[in-house]
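The values are calculated or read from the model by the stated rules, or taken from the named source; none is laboratory data. Values in this document were obtained by computation on a predicted structure and should not be read as measured data. For neighbour counting, all protein chains shown are included, and Cβ atoms are generated from backbone atoms with ideal geometry for every residue, glycine included.
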Amino acid sequence: MSENIIYGIMSAMPEEIDGVISLIHNPQHKSIAGRTYTSGTINHKNVVVVFSRWGKVAAASTTTTLIDYFKVDKIVFTGIAGAIHDDLNVGDIVVADSCVFHDLDIRPLNERFVVPIINKKFFELNVSESWYLKLVNTFHANNINQIIDENWITVFNLRTVQVVRRSIATGDQFVNSEKMKDDLRINLPVVACVEMEGAAVAQICFEYNIPCSIVRTISDSANNTAAMDFMPFAKYVASSYSVAIVTALLSD
Ligand code: SAH
């Protein structure tokens, strides 16, 4: 991979992105449509880092600006998500190998979840083996205390973090009930977790033919305590996760 490429790094939480912005050498700020884009370098790699805001439209608009205005070559989204299956715990990491819009339904005009014109249900994403292994190593039980404070490792039970490559579902909905989860499990059985931006980023990148990575840390179980559960995780741990994920990506 050429060293001159520009990475667009997005997050759906100011807490996360602030940690990444603090890594930027010689930061330059530019405001467009209410977002602040910060350019500079991290580990001698060119980056543009931005808080996208929540939801599909916000994510799509921010992705388009990164590509059209800042000419980024690759996009990385880091954020939190709700687990749909019981084998994923708070603190586990899902690297998307595909993304789907779980709230897209134009039946009877088209099959449920299929994006019109593009005619795709899943946006497949290439997960580089070397980057995946860097993440596995960064979050390995022997290394986790180098990135997360020992106290939070205990509070959130982060001793054995799983890093998995699975499908992510996106929609303009905060999923917080067993009924909503059941609907997802039945109709999109390959989906591991749910969030509000990933597939929008993946669709824009697909249309521009730009590679993208969507990395999600499980903050809640998308059940009736999700709204309470995700906040402390977002506040105390997500920033360290995001910094570790971006650092792993941009390491040599
Ligand atoms: N922090 C905001 C709300 C964020 S909405 C506030 O307090 O007002 C939740 C964010 O976390 C979204 O960006 C979404 O991508 C992700 N997320 C985490 N858990 C989720 C869940 N159970 N359902 C949907 N999105 C979830």
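Out of (1) in contact with a Phe, Trp or Tyr (Cβ under 8 Å, 6 or more places away or on another chain); (2) surrounded by 24 or more Cβ atoms within 10 Å (Cβ to Cβ); (3) within 26 Å of residue 116 (Cα to Cα), what's the single condition that is false for residue 168?
It is condition (1) that residue 168 fails.
Would a scan of segment 75-83 turn up a residue that is more than 30 Å from residue 37 (Cβ to Cβ) and within 15 Å of the ligand (Cβ to nearest atom)? Lay out the reasoning, then the answer.
Taking segment 75-83 as the starting set, the residues that turn out to be more than 30 Å from residue 37 (Cβ to Cβ) are 83.
Narrowing further to those that are within 15 Å of the ligand (Cβ to nearest atom): 83.
Within segment 75-83, one or more residues are more than 30 Å from residue 37 (Cβ to Cβ) and within 15 Å of the ligand (Cβ to nearest atom).
Only one of 222, 234, 244 is part of a loop (DSSP other than H, G, I, E, B) and under 19 Å from the mean Cα position of the chain (by Cα); which? So that I can check it myself, show each step before the final result.
Numbers: 234 fails: part of a loop (DSSP other than H, G, I, E, B); 244 fails: part of a loop (DSSP other than H, G, I, E, B).
Residue meeting the stated conditions: 222.
Check off (1) away from the ligand (no atom under 16 Å from the Cβ); (2) surrounded by 14 or more Cβ atoms within 10 Å (Cβ to Cβ) for residue 104 and give me the number that stays unchecked.
Checking residue 104 against (1) away from the ligand (no atom under 16 Å from the Cβ); (2) surrounded by 14 or more Cβ atoms within 10 Å (Cβ to Cβ), the one that fails is (1).
Considering only residues that are more than 8 Å from the ligand (Cβ to nearest atom), touching a residue at least 40 places away in the same chain (Cβ under 8 Å) and not in a helix (DSSP H, G or I), which ones fall in segment 194-215? So that I can check it myself, show each step before the final result.
Within segment 194-215, the subset more than 8 Å from the ligand (Cβ to nearest atom) is 199-215.
Adding the requirement that they be touching a residue at least 40 places away in the same chain (Cβ under 8 Å) leaves 199-208, 210-215.
Hits for segment 194-215 are 210, 211, 212, 213, 214, 215.
Condition check ((1) small (Gly, Ala, Ser); (2) at pLDDT 95 or above; (3) under 13 Å from the mean Cα position of the chain (by Cα)) across all residues:
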| residue | (1), (2), (3) |
| --- | --- |
| 48 | no, yes, no |
| 57 | no, yes, no |
| 61 | yes, yes, no |
| 67 | no, yes, no |
| 73 | no, yes, no |
| 82 | yes, yes, yes |
| 88 | no, yes, no |
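Does residue 101 qualify as being touching a strand residue (DSSP E or B) at 6+ places or on another chain (Cβ under 7 Å) and at negative phi?
Values: touching a strand residue (DSSP E or B) at 6+ places or on another chain (Cβ under 7 Å): yes; at negative phi: yes.
When the stated conditions are applied, residue 101 passes them.
Could you give every pair whose Cβ atoms fall below 8 Å, whose first residue belongs to segment 147-175 and is within 18 Å of residue 85 (Cβ to Cβ), and whose second residue is acidic (Asp, Glu) and away from the ligand (no atom under 16 Å from the Cβ), counting only separations of at least 6 or pairs across chains?
165/97; 166/97; 167/97
Do you know which residues across segment 216-237 are farther than 19 Å from residue 169 by Cα and either buried (at least 23 other Cβ atoms within 10 Å of the Cβ) or away from the ligand (no atom under 13 Å from the Cβ) (or both)? Break it down stepwise before answering.
At the first step, the residues of segment 216-237 found to be farther than 19 Å from residue 169 by Cα are 225, 228-229, 231-237.
Hits for segment 216-237 are 236, 237.
Restricting attention to segment 205-252, which residues are in contact with a Cys (Cβ under 9 Å, 6 or more places away or on another chain) and of a type in the set (Val, Ile, Thr)? Before the answer, list the steps.
Going through segment 205-252, the residues in contact with a Cys (Cβ under 9 Å, 6 or more places away or on another chain) turn out to be 205-206, 211-212, 214, 216, 218, 222.
If the condition is that a residue be in contact with a Cys (Cβ under 9 Å, 6 or more places away or on another chain) and of a type in the set (Val, Ile, Thr), then 214, 218 are the ones that fit.
Out of curiosity, is residue 206 aromatic (Phe, Trp, Tyr) and at pLDDT below 95?
No.
Among the numbered criteria (1) polar (S, T, N, Q); (2) in a helix (DSSP H, G or I); (3) more than 15 Å from the ligand (Cβ to nearest atom); (4) without any contact (Cβ under 8 Å) to a residue 60 or more places away in the chain, which one does residue 64 miss?
Among (1) polar (S, T, N, Q); (2) in a helix (DSSP H, G or I); (3) more than 15 Å from the ligand (Cβ to nearest atom); (4) without any contact (Cβ under 8 Å) to a residue 60 or more places away in the chain, residue 64 violates only (4).
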